[in-house]
Amino acid sequence: MNELERFKEKILKEYPRLTEDDTFKFACRPGISCFNDCCGDVNIFLTPYDILKMKNWLGISSEEFLDKYTITPIDKNQTYPVVLLKMRENEKKTCHFAAPEGCTIYDDRPWACRIYPLGMASPGENDEIEQEFYFVLREDVCKGHEENNTWRVGEWIVDQGLEKYDEFGQLFKEITLHDYFRQGKSLNPQKIEMFHMVCYNLDKFRQFIKESTFLNRFNLEDVSKDQLMEDDEYLLRFGFRWLKFALFGDKVMKVKSSAFRE
Ligand code: SF4
Ligand code: SF4
């Protein structure tokens with residue numbers, strides 16, 4: 001069992017399970033003694049929507065974002081590729097977006113930074129989880145728990161702008177927690193590449209659609225080709241749909257009969 005799996009097991013066994021109506025005490029503010037201390041030497045898994053928001057905030061392509069700001073760890077037990085935010089190579093391993101005045105990418109900071117100090121566990125991640133729950137992460141470094149502000153979990157979710165992130169997170173989970181994986185099946189290298197392109201390298205996916213016969217192969221009356229070319233969120237939603245079809249054989253897209261003759 002690796003470190004992450006051990007941590008997940010501890011959460012399941014020891015952490016109180018919270019619903020949106022439960023409360024916790026916390027405040028994070030400039031001037032607090034630990035300000036910025038949490039923005040270094042930390043494992044932040046990036047979701048597809050995180051990458052979409054961050055690369056657009058920076059005004060760079062998804063390819064450039066992946067090259068400059070992420071690492072892709074390889075683990076033989078992984079069912080699908082994951083992407084982590086890369087930390088600087090200084091002593092404290094500071095995040096590239098941490099500055100003395102706080103997070104320079106605050107409005108588009110990733111899901112994990114938004115929801116902190118809460119975490120979320122979903123059915124499908126583990127057989128023991130029957131319904132989604134939240135939990136509070138208490139780390140010695142964080143003095144925010146000593147502050148006197150009381151939050152309802154649901155209130156925190158709204159305050160931190162998590163609703164849109166969770167909407168895309170839900171679509172991502174339909175892929176990552178798909179029955180296909182629960183049945184112990186794995187993706188071949190070509191499918192891993194597809195997954196990586198759609199989820200993390202959205203501009204490359206757009207290029208692929210543009211330059212291949214991809215769109216001609218499917219009946220896509222309900223899809224706007226112009227919007228696929230212009231709207232990242234629209235493209236990502238479409239990409240998730242295609243992945244369900246291409247990776248797992250879900251009947252969510254129809255191949256044109258003419259495509260079989262090509
Ligand atoms: S993205 Fe922002 S909030 Fe998240 S670790 Fe980096 S500096 Fe901190
Ligand atoms: S350690 Fe906690 S209180 Fe301190 S800056 Fe980070 S989140 Fe805020």
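No other residue among Leu84, Leu58, Leu66 is surrounded by 12 or more Cβ atoms within 10 Å (Cβ to Cβ), modelled with pLDDT of 95 or more and in contact with a Leu (Cβ under 8 Å, 6 or more places away or on another chain) apart from Leu84. The set of residues in the stretch 16-55 that are crowded, with 19+ Cβ neighbours inside 10 Å, aromatic (Phe, Trp, Tyr) and more than 16 Å from ligand 2 (Cβ to nearest atom) contains only Tyr49. Residues of the stretch 65-83 that are part of a loop (DSSP other than H, G, I, E, B) and touching a Ser or Thr at 6+ places or on another chain (Cβ under 9 Å): Thr79, Tyr80, Pro81, Val82, Val83. Residue pairs whose Cβ atoms lie under 7 Å apart, separated by 6 or more positions or on different chains, with the first residue in the stretch 126-149 and over 22 Å from Asp166 (Cα atoms) and assigned by TED's automatic domain parsing to the domain that holds Arg17 and the second exposed (fewer than 11 other Cβ atoms within 10 Å of the Cβ) and not hydrophobic (A, V, I, L, M, F, W, C), are Lys143/Ser33. Could we say that Ile209 is part of a helix (DSSP H, G or I) and within 17 Å of Lys173 (Cα to Cα) here? So Ile209 fails the test. Applying a threshold of 7 Å to beta carbon distances and a minimum spacing of six or more residues, or different chains, the list of pairs starting in the stretch 31-56 at a residue that is under 22 Å from Glu3 (Cα atoms) and ending at one that is assigned to a loop (DSSP other than H, G, I, E, B) and more than 10 Å from ligand 2 (Cβ to nearest atom) reads Gly40/Lys92; Gly40/Lys93; Asp41/Lys92; Asp41/Lys93; Ile44/Pro110; Phe45/Val82; Leu46/Val83; Leu46/Pro110. If you filter the stretch 87-114 down to residues that are more than 7 Å from ligand 1 (Cβ to nearest atom) and aliphatic (A, V, I, L, M), you find that the one that is surrounded by the most Cβ atoms within 10 Å (Cβ to Cβ) is Met87. Are any residues in the stretch 147-160 surrounded by fewer than 13 Cβ atoms within 10 Å (Cβ to Cβ) and modelled with pLDDT of 95 or more, and if so, which ones? Matches in the stretch 147-160: Asn149, Thr150, Val158, Asp159.
The values are calculated or read from the model by the stated rules, or taken from the named source; none is laboratory data. A quick note: this is a predicted structure, and the numbers were derived from the prediction, not measured. With ideal geometry, Cβ positions are generated from the backbone for all residues, glycine too; neighbour counts draw on all protein chains shown.
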